[in-house]
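Peer 1: Got a structure here, written out as structure tokens. Questions coming.
The values are calculated or read from the model by the stated rules, or taken from the named source; none is laboratory data. Since the model is a prediction, treat every value here as computed from it, not as a measurement. Because the Cβ atoms are built from the backbone with ideal geometry, glycine has one as well, and the counts that use them run over all protein chains shown.
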């Protein structure tokens, strides 16, 4: 290695001459001191070898950064320290010569090298020692650079984590309301879904099956017949009982005009009937049949319908029957039971024959409720045994006359 300019090895002629003179003057003393200094030098060499081994292990396996101006500065500092160390050695040599052999051990302890001196001391010329110091300075500089790089990377990671945490906190702060609304919506949907699932499971469970069918409003209809018709609903989930299904099953009972269905959880079904009102007896080839105001056949004549009037010369579905049906529906039950026959040559000429033999001129189907009220009043005031014609064709001016007039 070429030695830097200005750092040539200083001349040692005068110092060597002085040392030679002192050596000749006191040869035995110099020999003993030389042995002690050799021991000190050996110990320093051993300490230097341990230090180099430690530094070599610390710098092994690492990527060294590109050299810059900083190692040069360290090298120059090493040169300056080397000159100071040479002066210290010379001063220590003079002090050893002055103190003598008795103080050799203590002088040797005083000159024990420090860590930085150990880095500079060693065998060889000044150039070799400077080269070693330079390399060690470069290693120290690289170590410091790596430490700074690690610190910078660690600070960068910490700063990045802090920035990410701050950004997440800002995002959470700005989306808090939306997340709260979404959470409430999800909770609501989940609650509804859970309630629906529980409801469906409960409805379709055996606990909610039909076990009791109750019939109300049955006068001329046998409740047992209605329950028999609805026997197919027993055992079914109560939620599946509908009016359409019940109407289909009650179609076989003509006496029922309408009904109202009430479902009472967990297992009861109530059917409230509205029966058809029988208003007349229609003669036929197969016998007499009870009909209502719509002409629906309600069955054969029995004790409860035997007193109803009988239609003569009136066919169901004709114009005359429509007028007669409107009249029969408006007439009170006691008047119907007092009527024996009903005739209608035309739709505007309806005639009633009472059981007492009296005749009622009804006229058309218009104002039937008022005519029914006037007829009931006339029947209450007239003697049933007296033959008379009750004319209510003009209900505001009813007329009672004899059959011959």
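Peer 1: Restricting the stretch 209-237 to residues that are over 48 Å from the mean Cα position of the chain (by Cα) and without any contact (Cβ under 8 Å) to a residue 40 or more places away in the chain, which is farthest from residue 266 (Cα to Cα)?
Peer 2: Filtering first and then ranking leaves 222.
Peer 1: While we're here: Can you tell me which condition residue 366 does not meet? The list is (1) out of contact with any strand residue (DSSP E or B) (no Cβ under 9 Å at 6 or more places or on another chain); (2) in contact (Cβ under 8 Å) with a residue 12 or more places away in the chain; (3) closer than 22 Å to residue 318 by Cβ, and all the others hold.
Peer 2: Evaluating residue 366 over (1) out of contact with any strand residue (DSSP E or B) (no Cβ under 9 Å at 6 or more places or on another chain); (2) in contact (Cβ under 8 Å) with a residue 12 or more places away in the chain; (3) closer than 22 Å to residue 318 by Cβ leaves (2) as the failure.
Yes or no, residue by residue, for (1) in contact with a helix residue (DSSP H, G or I) (Cβ under 7 Å, 6 or more places away or on another chain); (2) crowded, with 16+ Cβ neighbours inside 10 Å; (3) in a helix (DSSP H, G or I):
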{"position": "327", "(1), (2), (3)": "yes, yes, yes"}
{"position": "341", "(1), (2), (3)": "no, yes, no"}
{"position": "345", "(1), (2), (3)": "no, no, no"}
{"position": "357", "(1), (2), (3)": "no, no, no"}
{"position": "360", "(1), (2), (3)": "yes, yes, no"}
{"position": "365", "(1), (2), (3)": "yes, yes, no"}
{"position": "369", "(1), (2), (3)": "yes, no, yes"}
{"position": "375", "(1), (2), (3)": "yes, yes, yes"}
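Peer 1: Of these, 164, 203, 221, which one is in the same structural domain as residue 270 (by TED's automatic domain parsing) and surrounded by 10 or more Cβ atoms within 10 Å (Cβ to Cβ)?
Peer 2: So the residue among 164, 203, 221 that is in the same structural domain as residue 270 (by TED's automatic domain parsing) and surrounded by 10 or more Cβ atoms within 10 Å (Cβ to Cβ) is 221.
Peer 1: State all residues of the stretch 246-265 that are surrounded by 13 or more Cβ atoms within 10 Å (Cβ to Cβ), at pLDDT below 90 and farther than 24 Å from residue 295 by Cβ; if no residue qualifies, say none.
Peer 2: Correct list: 263 only.
Peer 1: Is there any pair with a first residue in the stretch 244-259 that is assigned by TED's automatic domain parsing to the domain that holds residue 217 and a second that is in a strand (DSSP E or B) and surrounded by fewer than 13 Cβ atoms within 10 Å (Cβ to Cβ) whose Cβ atoms are under 8 Å apart and which are 6 or more apart or on different chains, and what are they?
Peer 2: Partner pairs satisfying both residue conditions: 256/274; 257/274; 258/274; 259/274.
Peer 1: Taking residue 215 as meeting all but one of (1) farther than 30 Å from residue 278 by Cα; (2) assigned to a strand (DSSP E or B), write down the number of the exception.
Peer 2: That leaves (1) as the condition not met.
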